[in-house]
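Presented below is the structure to which this report refers.
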Amino acid sequence: MSALDANKSWRVWRDSPKTAGENAILKMVCGAGAGLVTKTCIAPLERIKILFQVQGMMKGETNHYGRTITGAIRTIYHENGIMGFYHGNAANCLRVMPNYALKFMFNDTFKELVRKPGQKQLGFNQLMIAGSLAG
């Protein structure tokens with residue numbers, strides 16, 4: 001299958017009407033993807049935060065990563081390279097993907113439940129209710 005055939009197949013699928021189940025699955029996949037991107041972007045800061053939290057528990061080493069963020073960045077980079085900032089990110093992504101997927105799906109579901117017939121845009125209170133119910 002060529003790239004053009006795949007692109008055409010995608011457009012046919014994208015433009016076809018979806019069942020409620022297909023919509024739910026699509027929303028869950030989008031939510032899981034959003035969670036993956038979010039946690040991967042924030043992973044370096046999370047890594048530094050965790051290292052600062054546990055460095056006092058390490059035997060024989062006090063302030064191995066320093067007292068400043070720049071010192072920690074320098075130490076991590078020199079010891080492990082760029083990948084040192086992403087240690088533990090896969091486990092974190094696996095942990096949050098189901099959570100983000102369900103929240104994304106339920107948020108849209110609850111938005112439809114609070115929408116009045118013929119209403120195009122939800123009001124602030126309706127958005128707050130839908131978001132609160134979704135978690």
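So the values come out like this:
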read-out	value
Region 15-50 - residue that is in contact with a Leu (Cβ under 8 Å, 6 or more places away or on another chain) and in contact (Cβ under 8 Å) with a residue 24 or more places away in the chain and, of those, most open to solvent (accessible area, probe 1.4 Å)	MET28
Residue list for region 123-135, restricted to those being touching a residue at least 24 places away in the same chain (Cβ under 8 Å) and open to solvent by less than 100 Å² (accessible area, probe 1.4 Å)	GLY131, ALA134, GLY135
Cross-chain or 6+ apart pairs with Cβ under 6 Å, region 83-103 first and under 22 Å from LYS27 (Cβ atoms), then aliphatic (A, V, I, L, M) and exposed (fewer than 12 other Cβ atoms within 10 Å of the Cβ)	none
Residue satisfying all of: in region 64-76; out of contact with any Phe, Trp or Tyr (no Cβ under 7 Å at 6 or more places or on another chain) and part of a loop (DSSP other than H, G, I, E, B); modelled with the highest pLDDT among these	THR68
Odd one out for ILE73, checked against (1) crowded, with 17+ Cβ neighbours inside 10 Å; (2) closer than 30 Å to ALA20 by Cβ	(2)
Selection from region 89-122 of residues that are surrounded by 12 or more Cβ atoms within 10 Å (Cβ to Cβ) and part of a loop (DSSP other than H, G, I, E, B)	ARG115, LEU122
Qualifying position, being farther than 29 Å from GLY31 by Cα, of a type in the set (Asp, Glu) and either modelled with pLDDT of 90 or more or in a helix (DSSP H, G or I) (or both), among GLU79, GLU61	GLU79
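The values are calculated or read from the model by the stated rules, or taken from the named source; none is laboratory data. All values derive from a computational prediction rather than experimental measurement. No Cβ is skipped: glycine too gets one built from the backbone with ideal geometry, and neighbour counts run over all protein chains shown. Ligands, DNA and RNA are excluded from the accessible area calculation, which covers all protein heavy atoms including side chains. Shrake-Rupley method; radii C 1.70, N 1.55, O 1.52, S 1.80 Å.
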